[in-house]
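*Asks:* Once you've had a glance at the structure underneath, I'll fire off some questions.
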Amino acid sequence: GHEDFRPRIVPYYRDPNKPYKKVLRTRYIQTELGFHERLFVAVLTSKATMNTLAVAVNKTVAHHFPRLLYFTGLRSAKVPHGMVLVAHGDERPIWLMYETMNYIHQHFGSDYDWFYIMQDDTYAQAEQVKALVTHLSINQDVYLGRAEEFIGGDEQARYCHGGFGYLLSRSLLLKLHPHLDSCRNEILSVRPDEWLGRCIIDFLGITCVSQLQGQHYHTYELAKNTEPEKEEEEEFQAALAVHPVSDMTLMYRLDKQVRIQLDRAYREIQELQMQIRNLTALTPAGEAGVTWPVGINAPFLPKSRFEVINWDYFTEQHLFSCPDGSPKCELSGASKADVGEIIESALEQLNRRYQPLLRFSKRQLLNGYRRFDPTRGMEYTLDLLLEAVTQKGHSHVLAKRVSLVRPLSKVEIIPMPYVTEATRVQLVLPLTVQDLDYVANFLDMFAMNTLDTHDNALLTLLFVYHPYDAQRVGQVDVFAGVKAMVGELEKRYAEVKIPWISVKTEVPSQVKLMDIVSKKHPVDTLFFLASVWTEINMEFLNLNRCRMNTISKWQVFFPVHFQEFNPALVYRGEQTASSSTDFLRDGHFDRHSFAEACFYNSDYMTARTKLAADILDRDEVLESMEVFDVFLHYSGLHLFRAVEPGLVQKYTLRSCNPRLSEELYHRCVLSNLEGLASRSHLAMALFEQEQANST
């Protein structure tokens with residue numbers, strides 16, 4: 001128990017006689033190091049109490065636990081909403097416990113360190129249970145709960161009472177699992193908690209304890225006709241679990257009593273803030289060293305003008321710092337709810353401070369400012385026009401400035417499905433006649449960054465013929481030069497095949513083209529829809545950003561490429577900068593383009609099926625849509641859109657097809673205009689032109 005663990009450095013050695021093999025690393029370091037999640041909770045319920053007590057558990061404590069499942073013998077016809085239920089098909093208590101332990105070991109035994117088993121007539125203090133497991137060592141076999149004596153059994157042996165819940169460690173569960181079948185056949189008991197306790201004692205020699213490693217498992221047994229609001233005993237206040245809870249109303253009343261304890265915690269916070277003020281006055285900084293709010297980190301202090309955090313201005317109707325860059329937009333959604341909540345909180349604080357002498361009510365929000373400070377949270381400054389009413393009924397209108405902070409709470413990592421880096425990427429490159437001048441550069445970059453490095457990526461070309469060119473393909477093939485380049489690549493790389501698909505259309509709709517490609521590939525194909533102007537460097541493919549940011553049935557990835565400016569306007573005859581320090585300098589990330597995308601074929605087919613049911617046979621609707629629109633409106637998946645420095649486009653004036661929809665045509669025009677140059681470059685060009693005209 002006192003073994004001193006010391007790290008041991010294992011020197012790396014690679015056998016020179018064995019061929020080099022690329023090492024596939026896991027996405028998260030915790031996976032590679034074998035870390036586990038902290039706590040799994042199992043609630044034992046029944047068909048009779050599933051829609052009553054189990055629902056009460058779900059509404060009171062379930063949202064506090066990271067993972068909670070309900071186990072029952074038989075399920076009712078209608079499962080309550082928001083509950084993950086596992087039915088074993090038999091209501092016998094011992095069978096239910098046996099199947100539950102088997103299920104937990106099979107599905108979660110390798111993922112969690114602690115397993116908390118409770119009944120649906122138990123009220124558990126979730127935060128205290130979570131705090132308990134953080135103070136226990138995972139190196140021991142733990143069987144912790146309210147220890148009870150067996151009837152007529154060994155005086156030293158104890159089992160954990162199921163009504164008050166009990167905690168099992170992962171190591172104990174792994175050791176217990178091989179003996180569950182023997183316990184089922186050899187141990188006779190009426191109570192499932194006694195059966196499990198006897199099984200652990202007989203085969204592992206471990207008895208239930210109520211105290212371990214300095215931590216106590218406090219419980220409280222409710223008497224009949226108990227009034228939770230009147231319970232003032234220390235045992236009740238310190239209890240991790242309360243039992244028995246006879247009905248839903250009592251469960252909710254217990255939860256409300258916990259909220260009263262939360263109010264006490266707020267009062268303790270106020271006392272701590274007062275102590276901080278008193279102690280800070282004794283420091284060298286004096287009272288000036290007290291930050292506001294007391295106990296919250298001080299605001300971020302910028303060291304230069306480039307680190308200054310800007311304030312966003314808003315009113316009750318509009319926001320003057322919009323995500324799309326426009327100067328003014330309507331305040332809606334989460335931002336509107338945020339502003340409403342902040343104004344309501346400001347009025348509540350003012351009334352709490354000045355009542356009963358004054359009572360404030362809002363007339364109007366004159367000015368509102370907010371900014372996100374990463375060191376402390378969201379800061380607000382409000383100029384409020386208020387009406388103050390005295391105790392005698394006299395009213396007066398005044399303007400008041402208030403400051404508020406919404407501090408950062410505990411940071412949580414959002415769980416995401418696991419993806420691997422070994423997935424093969426299928427590049428899809430649509431080509432029209434206007435793109436012929438850029439194909440050679442694209443193929444050279446593809447060969448250098450993918451074929452030479454043996455990256456797990458393939459390329460499919462999509463030749464889009466105009467009907468006129470398609471009729472003359474026997475005499476003059478406009479894509480003959482491209483096909484010859486492909487042939488040269490296949491000769492140079494004998495193991496590589498680059499297929500192509502020919503399509504005849506006047507309007508090259510991205511969705512229609514993708515429909516053709518989708519039907520010719522398996523459903524598990526990971527597509528990377530590329531454009532001929534993009535230089536796909538090693539960063540994008542070798543760092544697996546396309547693979548790692550695309551998750552089947554969960555997320556699609558639409559990278560925002562970097563568009564270089566027109567060198568004629570940026571450099572005006574000077575030599576183009578080529579040093580690595582100037583990378584991504586003279587250009588911008590083109591948010592109007594959705595030409596590049598990473599997604600799985602199965603996700604596209606699912607969304608496309610929903611789209612087909614919506615538009616029926618109106619195929620002309622597809623001409624007004626891009627693949628991005630299909631996923632946005634018909635998939636229900638996460639759409640991840642982020643700047644991607646690994647995708648760079650050289651400047652080119654793209655031809656915008658007027659036969660596309662008005663929105664797509666407008667996007668194309670805006671992309672061309674914003675890709676000319678920055679405002680400073682355009683201003684300098686205009687200035688030089690005016691100077692030349694004046695002379």
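The values are calculated or read from the model by the stated rules, or taken from the named source; none is laboratory data. All values derive from a computational prediction rather than experimental measurement. Positions of Cβ are generated from backbone atoms using ideal geometry, with glycine treated the same way; all protein chains shown enter the neighbour counts. These area figures cover heavy atoms from the full protein model, side chains too; ligands, DNA and RNA do not enter into them. Shrake-Rupley method; radii C 1.70, N 1.55, O 1.52, S 1.80 Å.
*Asks:* Could you list, in sequence order, the residues of region 309-337 that are outside any loop (DSSP other than H, G, I, E, B), free of Cβ contacts under 8 Å to residues at least 12 places away in the same chain and among the charged types (D, E, K, R)?
*Replies:* Residue satisfying the conditions is Lys336 alone.
Here's the yes/no breakdown for (1) surrounded by fewer than 21 Cβ atoms within 10 Å (Cβ to Cβ); (2) over 21 Å from Asn51 (Cα atoms); (3) among the β-branched types (Val, Ile, Thr):
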position	(1), (2), (3)
Gly82	yes, no, no
Met101	no, yes, no
Gln106	yes, yes, no
Trp114	no, yes, no
Ile117	no, no, yes
Asp121	no, no, no
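*Asks:* When you go through Arg25, Arg6, Arg14 one by one, which is the residue that is under 32 Å from the mean Cα position of the chain (by Cα), at pLDDT below 75 and farther than 30 Å from Val242 by Cβ?
*Replies:* Answer to the selection: Arg25.
*Asks:* Could you check region 592-610 and list, in sequence order, the residues that are touching a residue at least 40 places away in the same chain (Cβ under 8 Å) and either open to solvent by 70 Å² or more (accessible area, probe 1.4 Å) or not in a loop (DSSP other than H, G, I, E, B) (or both)?
*Replies:* Listed by number, the residues that qualify are Ala597, Cys598, Phe599, Tyr600, Asn601, Ser602, Asp603, Tyr604, Met605, Arg608.
*Asks:* Follow-up question, since we're still on this one. For Glu387, indicate whether it is acidic (Asp, Glu), loosely packed, with under 15 Cβ neighbours inside 10 Å and either without any contact (Cβ under 8 Å) to a residue 24 or more places away in the chain or in a strand (DSSP E or B) (or both).
*Replies:* Yes: the conditions hold for Glu387.
*Asks:* Residues to consider are Gly377, Gly368; find the one that is farther than 14 Å from Leu350 by Cβ and at pLDDT 95 or above.
*Replies:* Among Gly377, Gly368, only Gly368 is farther than 14 Å from Leu350 by Cβ and at pLDDT 95 or above.
*Asks:* Those residues that are at pLDDT below 90 and among the basic types (Lys, Arg), I need them from region 591-649; list them, please.
*Replies:* Arg591, Arg618
*Asks:* Still on this structure: For residues that are buried (at least 18 other Cβ atoms within 10 Å of the Cβ) and not hydroxyl-bearing (Ser, Thr, Tyr), tally how many sit in region 88-99.
*Replies:* Total satisfying the criteria: 6.
*Asks:* In region 445-461, which residue that is in a strand (DSSP E or B) and either out of contact with any Pro (no Cβ under 8 Å at 6 or more places or on another chain) or not assigned by the TED database to the domain that holds Ser531 (or both) is surrounded by the fewest Cβ atoms within 10 Å (Cβ to Cβ)?
*Replies:* Leu458
*Asks:* On the basis of being touching a helix residue (DSSP H, G or I) at 6+ places or on another chain (Cβ under 9 Å), part of a loop (DSSP other than H, G, I, E, B) and not assigned by the TED database to the domain that holds Leu168, does Pro284 make the cut?
*Replies:* no
*Asks:* Which condition does Lys256 not pass, out of (1) closer than 23 Å to Ala54 by Cβ; (2) open to solvent by less than 60 Å² (accessible area, probe 1.4 Å), if it passes all the others?
*Replies:* Here Lys256 meets the rest and fails (2).
*Asks:* Give the residue, chosen from Asp121, Asp90, Asp113, that is assigned to a loop (DSSP other than H, G, I, E, B), within 21 Å of Val61 (Cβ to Cβ) and either of a type outside the set (Phe, Trp, Tyr) or at pLDDT 90 or above (or both).
*Replies:* Asp121
*Asks:* Suppose we filter Gly82, Gly145 for residues that are small (Gly, Ala, Ser) and either touching a helix residue (DSSP H, G or I) at 6+ places or on another chain (Cβ under 6 Å) or in contact (Cβ under 8 Å) with a residue 60 or more places away in the chain (or both); which single one remains?
*Replies:* That would be Gly145, the only listed residue that is small (Gly, Ala, Ser) and either touching a helix residue (DSSP H, G or I) at 6+ places or on another chain (Cβ under 6 Å) or in contact (Cβ under 8 Å) with a residue 60 or more places away in the chain (or both).
*Asks:* Just for region 348-364: of the residues that are of a type in the set (A, V, I, L, M) and touching a strand residue (DSSP E or B) at 6+ places or on another chain (Cβ under 6 Å), which one is farthest from Thr315 (Cα to Cα)?
*Replies:* The selected residue is Leu358.
*Asks:* Report, by residue number, each residue of region 192-247 that is open to solvent by 60 Å² or more (accessible area, probe 1.4 Å), in a helix (DSSP H, G or I) and over 30 Å from Ser182 (Cβ atoms).
*Replies:* Those that are open to solvent by 60 Å² or more (accessible area, probe 1.4 Å), in a helix (DSSP H, G or I) and over 30 Å from Ser182 (Cβ atoms): Glu229, Lys230, Glu234, Glu235.
*Asks:* Next question, about the same structure. If you go through region 38-57, how many residues are open to solvent by 10 Å² or more (accessible area, probe 1.4 Å), over 26 Å from Ser169 (Cβ atoms) and in contact (Cβ under 8 Å) with a residue 24 or more places away in the chain?
*Replies:* Count: 7.
*Asks:* Can I ask one more? Which condition breaks for Gln257 when tested against (1) touching a Ser or Thr at 6+ places or on another chain (Cβ under 7 Å); (2) within 30 Å of Tyr123 (Cα to Cα)?
*Replies:* Single failed check for Gln257: (1).
*Asks:* While we're looking at this one, here's another question. Of all residues in region 146-191, how many are under 27 Å from His36 (Cβ atoms) and either of a type in the set (Phe, Trp, Tyr) or open to solvent by 50 Å² or more (accessible area, probe 1.4 Å) (or both)?
*Replies:* Result for region 146-191: 11.
*Asks:* May I ask you to verify whether Thr432 is closer than 30 Å to His521 by Cα and in contact with a Lys or Arg (Cβ under 8 Å, 6 or more places away or on another chain)?
*Replies:* no
*Asks:* With the condition being in contact (Cβ under 8 Å) with a residue 12 or more places away in the chain and open to solvent by 20 Å² or more (accessible area, probe 1.4 Å), I'd like the strands (runs of 3 or more DSSP E) fully within region 462-568 carrying at least 3 qualifying residues.
*Replies:* Correct list: 500-504.
*Asks:* Can you confirm whether Phe360 is surrounded by 14 or more Cβ atoms within 10 Å (Cβ to Cβ) and more than 30 Å from the chain's Cα centre (by Cα)?
*Replies:* Taking the combined requirement at face value, the residue satisfies it.
*Asks:* Going by the conditions given, is Val643 outside any loop (DSSP other than H, G, I, E, B), open to solvent by 80 Å² or more (accessible area, probe 1.4 Å), in contact with a strand residue (DSSP E or B) (Cβ under 9 Å, 6 or more places away or on another chain) and closer than 20 Å to Phe562 by Cβ?
*Replies:* The answer is yes for Val643.
*Asks:* Can you find even one residue in region 659-666 that is under 29 Å from Met445 (Cα atoms), at pLDDT 85 or above, of a type outside the set (Ser, Thr, Tyr) and not in a strand (DSSP E or B)?
*Replies:* no
*Asks:* Exactly one of these conditions fails for Phe687: (1) aromatic (Phe, Trp, Tyr); (2) under 36 Å from the mean Cα position of the chain (by Cα); (3) open to solvent by 50 Å² or more (accessible area, probe 1.4 Å). Give me its number.
*Replies:* The one condition Phe687 does not meet is (2).
*Asks:* Which residues, counting only those in region 319-331, are surrounded by 14 or more Cβ atoms within 10 Å (Cβ to Cβ), more than 26 Å from the chain's Cα centre (by Cα) and over 12 Å from Tyr369 (Cα atoms)?
*Replies:* The answer is Cys329, and nothing else.
*Asks:* Among Ser403, Ser409, which is modelled with pLDDT under 90 and not in a helix (DSSP H, G or I)?
*Replies:* Just one listed residue meets the conditions, Ser409.
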